[in-house]
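**Q** Have a look at this one before I ask anything.
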Amino acid sequence: MTEQSKKEPGRSRESGFRLVTLFGIEIRLDFSVTFIFALIVYSLGSGLFPDWHPDWSPLTSWSTALLAGLLFFASLLAHELSHSLVARRYGIQVPRITLFLFGGMAEIESEAETPSAEFSIAIAGPIMSLALSFIFSLLAASLVGGAQLESLLEDPDAGAAALTPLASACVWLSSVNLMLAIFNMIPGFPLDGGRVFRALVWRFTGDRLRATRYAAETGKWFGWLLMAFGLWNLLVLKSSGGLWLILIGWFLSHLAVASYSQTLTTGLLQPLKVSDLMRTHFERVAAATSLEDFAENWLLRSNQVLWPVYDQTGKTLGVISLADVIALDRAARSRLGVVDVMTPLEQLRALRSDDAAVDASVLLAEAGDQPLAVLQGEDVVGLIRGSDVLRWIMLHDESRSRH
Ligand SMILES: [Zn+2]
């Protein structure tokens, strides 16, 4: 799995802890990995290996399970690394890889610029998993030897019982890497197969956004199909494995919709500047106004929460917000003027009217739904808040998609 991420400071993907740095890429472990690791080791150590080898001591079963579990995560890492290294060949930075509950996530800084780059980056992971599956099966075969291999084919149960611990781990790792390759090649965005699918449609239509929509749509359908299959397993076959399928299916369809809307938003906002999104109908308040007057006759009579403050010459001095006034008690309000409480222009956290909308959306998301002032030179020319981005999309995208 790969993830395209924007440069968002301090997001939750900093979670977990740093394991090691490989090829200049920081490898992190999310805490959810401990849970899935314990689950895998438990199911191998108490289920699969004792099933194959009734004669093994618990120590042998558990240490083989531990080894297999560790190699499984190394396989996941190799999968993500191959995405990352190919991405880097195309000049795309990959600052870190995070291993988490559902596998791994390589943070690829920007979208691939051509369909062929997208195709190569996406297919690299499943190819690595397929190669690992092949290598582990070769290893198992060489550990087993020719004569034993024949008996394994004749009587699988007895043959499996004769496998050494290392060979048993290799057999399991071979099959699990094969499953990983197959699962990731489901042609639903944002899985690797979905990205491959998107690259092909993109190549064919020349339209990346439309390609993303098709790939996300298939991703959603596959998710639902998986959930339906899981439900059938659970209700008709009475197999508890169905629960996993439902969970993965739900995750997949959810992810498909989420990553499509992210791509859509980024795609729609790409050509825009802050000046395209900002509100330009707003009022200003004179610096000489008393706070009392401002609160009763201005703030209370409008739903504007951020007010530029201007002096007699019309020059903007700063901004004052509803929160600034609320923070003061009534005594202070009767004593002070707007100019005493405002945030001066120099100290203002503001956007510039020619900032790219995509970059601004990060700052807006951080501000919650608090409005920010938009500056042009020394003047406040607009106000903008996070929901204005959504409003712009609603106004411009609906009309496009309906007709
Ligand atoms: Zn992948």
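Please treat every number below as a calculation from the coordinates, not as lab data. Only a predicted model underlies this, so the values are computations on that prediction, with no experimental measurement involved. Cβ atoms come from the backbone with ideal geometry, glycine included; neighbour counts cover every protein chain shown.
**Q** Taking the Cα atoms only, what angle lies between the long axis of helix 165-184 and the longest principal axis of the chain, rounded to 10 degrees?
**A** Result, in degrees: 40.
**Q** HN-Hα J couplings of the stretch 315-324 from phi, Karplus 6.51/-1.76/1.60, θ = phi - 60°, integer Hz, Gly and Pro as x?
**A** Per-residue couplings from phi come out as 6, 7, 9, x, 9, 10, 10, 3, 4, 4 Hz.
**Q** To test your reading of the geometry: what angle, between 0 and 90 degrees and rounded to tens, separates the Cα axis of helix 115-144 from the longest principal axis of the chain?
**A** The two axes meet at around 30 degrees.
**Q** Let me ask something else about it. Per residue, how much space in cubic angstrom lies within the convex hull of the C-alpha atoms of the stretch 274-402? Kindly include the intermediate steps, with their values, before the conclusion.
**A** Working: hull volume 14.7 nm³, N = 129.
Enclosed volume per residue, from the Cα hull, is 114 Å³.
**Q** Between exposed chymotrypsin sites (Phe, Trp or Tyr not before Pro) in the chain, where DSSP calls loop and at most 12 other Cβ atoms lie within 10 Å, what's the longest gap? Intermediate values should be presented prior to the final figure.
**A** Numbers: sites that count: F23, F31.
Counting only loop sites that pass the neighbour cut-off, the longest clear stretch is 32-403.
**Q** Also: Considering amide H positions built from the backbone, and no H for Pro or chain starts, which residues 5 or more places from G382, or on another chain, come under 5 Å of its amide H?
**A** When sequence neighbours closer than 5 places are left aside, the close amide H contacts are V374.
**Q** Right, another one. When the Karplus curve 6.51 cos²θ - 1.76 cosθ + 1.60 is applied with θ = phi - 60°, which whole-Hz ³J(HN,Hα) does each residue of the stretch 289-294 get, with x for Gly and Pro?
**A** 5, 6, 4, 3, 4, 4
**Q** Compute the helix-to-body angle for 32-43: its Cα long axis versus the longest principal axis of the chain, expressed 0 to 90° and rounded to tens.
**A** The two axes meet at around 20 degrees.
**Q** Next question. To the nearest Å, what is the center-to-center distance of the stretch 45-83 and the stretch 301-342, using C-alpha atoms only?
**A** Using only Cα atoms, the two centres lie 65 Å from each other.
**Q** Taking amide H atoms as placed 1.01 Å from N in the peptide plane, list the residues 5 or more away in sequence, or in a different chain, whose amide H sits under 5 Å from that of I186.
**A** Hits under the 5 Å cutoff: G193.
**Q** Separate question: Quote the FRET efficiency, to the nearest 0.05, computed for F229 versus E346 with a Förster distance R0 of 56 Å and r equal to the Cβ-Cβ distance. Each step should come with its number before you reach the end.
**A** On the way: r = 61 Å, r/R0 = 1.09.
With a Förster radius of 56 Å, E is 0.35.
**Q** Given R₀ = 41 Å, FRET efficiency for V257-T164 by Cβ-Cβ distance, to 0.05?
**A** Working: r = 47 Å, r/R0 = 1.14.
Using R0 = 41 Å, I get an efficiency of 0.30.
**Q** Once the Cβ-Cβ distance between T114 and S334 is put in as r, and R0 is 56 Å, what FRET efficiency do you end up with, to the nearest 0.05? Please report the intermediate quantities before stating the final value.
**A** Values: r = 65 Å, r/R0 = 1.16.
That gives a FRET efficiency of 0.30.
**Q** Tell me the label-point distance for the pair T21, S387, using the 7 Å Cα-to-Cβ offset, in nm and rounded to one decimal.
**A** Computed distance between label sites T21 and S387 equals 4.4 nm.
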